[in-house]
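What follows is a single structure, written as structure tokens, with notes after it.
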Amino acid sequence: MNFEQFFECQLDGLRDAGNYRIFADLERHKGNFPRATRYSDGKTSEVTVWCSNDYLGMGQHPATLAAMTEAMERCGAGAGGTRNISGTNHYHILLEEELADLHNKEAALIFTSGYVSNWATLGTLAARIPGIEVFSDADNHASMIEGIRHSRAPKHIWKHNDPEDLDRKLSEVGPDTPKLVAFESVYSMDGDICPLAEIIEVCEKHSALSYLDEVHAVGLYGPRGGGIAEREGLMDRISVIEGTLGKAFGVMGGYITASANLCDFVRSFSSGFIFTTALSPALAAGATASIRHLKQCDLERRRQQQNVRLLRSKLDAIGIPYMRNESHIVPVMVGDAKKCKFISDLLLDNYDIYVQPINYPTVPRGTERLRITPSPLHSAEDLDLLVGALSELWSHCALAKAVA
């Protein structure tokens, strides 16, 4: 087999379909989020980032940076190994205590990313609890799907955000069969929020473990940033709450919070935890500082929510179609892979606006979009420039506008 020819052919197929991904070469500006320097063809320019998952700009916050600097000066760069072999640092312990407190759980366990925390935890629970069957929301993230698949446990897919379908599927399994229900609070591509109370009621009815992914909600919702479960007053009724340190908290890493026994079980049996080098002390310290700040200050949350409302009202005024939801995510719907990439390229090249196109396989074909995430640090001028550019490009591409 000619491997190089095979690789080239597969990549050409992505290019022809408009789904080939190109990463913008950007350098974020310390203390000046959402500005960044773009490197392209030997030249540089300043761009405004509109698609960052650093939702609140906490990756640039003075408290985060000061904590990381202090930890680096005290401990050096790396953790020194896995948590089992010389890699556990006091900053890891402090972070886990902070996370357990955030979600009102007995314990927490940190991982190198949110992807790993989902994959490792779901894979371990579903593989090691005898006879367990997993019930997964149809729109769950790839990390959850991979963890469930890795476990080889029987799985059932229930209709997205449909507690009645979940109830039906759980009822089809014997009452003595252990069950695990995995779902998300905020779904990142559509921005929709799950009917949390109804799903929990179904889980409790069938004595199922409930596993809630809050990666796109922690830091952003609830009086202390504990997520949708905190906002709804339901944290104590959820078995496992999983989250990330790399989005609203602005750093890097993932975690679970749950009972002390469950966390210890995953710590003791999960290969994804046991054999992975630990987060650096600086990352752990930065995440801890970010969480502490957002627990006691809601200024960033309020400003972000205001900018989300402003953007939506401006898009409504000019008829740019976007997917309606109750979250902070604004998916502007293009519906064509090549046009989506074309608009993204023109925004970057002609307007110095960076919004990455979201195409298949991240979203279904025909639902291609620009996933816009307003932050508390975008200015009124930034909003006007973005909306004006979208209006011009919408006409240029002969795309349909929304009917008022």
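Carbon and sulfur atoms: what percent of the 1.4 Å accessible area of the chain do they account for?
Roughly 52 percent, rounded to a whole number.
Provide the per residue accessible area, probe 1.4 Å, for the chain, rounded to a whole number of square angstrom.
45
Excluding residues on the same chain fewer than 8 positions from Lys338, give the lysines whose Cα lies under 24 Å from its Cα.
Reachable lysines: Lys401.
Across all directions of projection, what mean area in square nanometres is found for the Cα convex hull of region 19-90?
8.0
For the chain, what is the calculated [θ] at 222 nm in deg cm²/dmol (nearest 500), taking -39500 (n - 2.57) for each run of four or more DSSP H residues and dividing by its residue count?
-13500 deg cm²/dmol
Quick one: if you take sqrt(5λ) for each eigenvalue of the C-alpha gyration tensor of region 125-167, what semi-axes come out, biggest first, whole angstrom?
19, 13, 6
Can you give the convex hull volume of the alpha carbon atoms of region 65-186 per residue, in Å³?
146
Hull surface divided by four, with the convex hull built on the Cα atoms of the chain: how many nm²?
With every direction weighted equally, the projected area is 21.9 nm².
From largest accessible area down, sort Asp41, Asp298; use a 1.4 Å probe on the protein chains.
Asp41, Asp298
With all protein chains present, calculate the accessible area of Tyr354 using a 1.4 Å probe and round the result to the nearest 10 Å².
Solvent-accessible area, nearest 10 Å²: 40 Å².
Compute the angle between helix 260-269 and the longest alpha-carbon principal axis of the chain, please, reported from 0 to 90 degrees and rounded to the nearest 10.
Tilt relative to the chain: about 80 degrees.
Less than 13 Å Cβ to Cβ from Asp298, Lys/Arg counted +1 and Asp/Glu -1: what total charge do the surrounding residues give?
Local net charge: +4.
Just the accessible area for Glu106, please: 1.4 Å probe, Å², rounded to the nearest 10?
The value for Glu106 is about 140 Å².
So how many Å³ per residue does the convex hull of the Cα atoms of region 236-288 work out to?
94
Past the 27 Å Cα-Cα mark, which pairs from Lys105/Lys205; Lys155/Lys205; Lys159/Lys179; Lys30/Lys105?
Lys30/Lys105
In angstroms, what radius of gyration and Dmax does region 123-217 have, counting Cα atoms only?
Here Rg and the maximum Cα pair distance are 12.3, 36 Å.
Excluding ligands and nucleic acids, what accessible area in Å² is computed for Met189 using a 1.4 Å probe, to the nearest 10?
Around 40 Å² of this residue is reachable by solvent.
For region 193-303, compute Rg over Rh where Rg is the Cα radius of gyration and Rh is the Kirkwood radius from the inverse mean 1/r over Cα pairs.
0.99
Using a 1.4 angstrom probe on the protein heavy atoms only, could you order Ile129, Ile372 from most to least accessible area?
Largest accessible area first, the list is Ile129, Ile372.
Quick one: what does P(r) look like for region 243-321 with 10 Å bins over all Cα pairs, in whole %?
Percent of Cα pairs in each bin: 15, 29, 27, 17, 10, 1.
Quick one: P(r) of region 296-385 from all Cα-Cα pairs, 5 Å bins, percents rounded to integers, in order of increasing distance.
3, 13, 21, 24, 20, 12, 4, 2, 0
The values are calculated or read from the model by the stated rules, or taken from the named source; none is laboratory data. Everything numeric here is computed off the predicted structure, so don't read it as measured data. Here the Cβ is made from the backbone with ideal geometry for all residues, glycine too, and neighbour counts use every protein chain on show. These area figures cover heavy atoms from the full protein model, side chains too; ligands, DNA and RNA do not enter into them. Shrake-Rupley method; radii C 1.70, N 1.55, O 1.52, S 1.80 Å.
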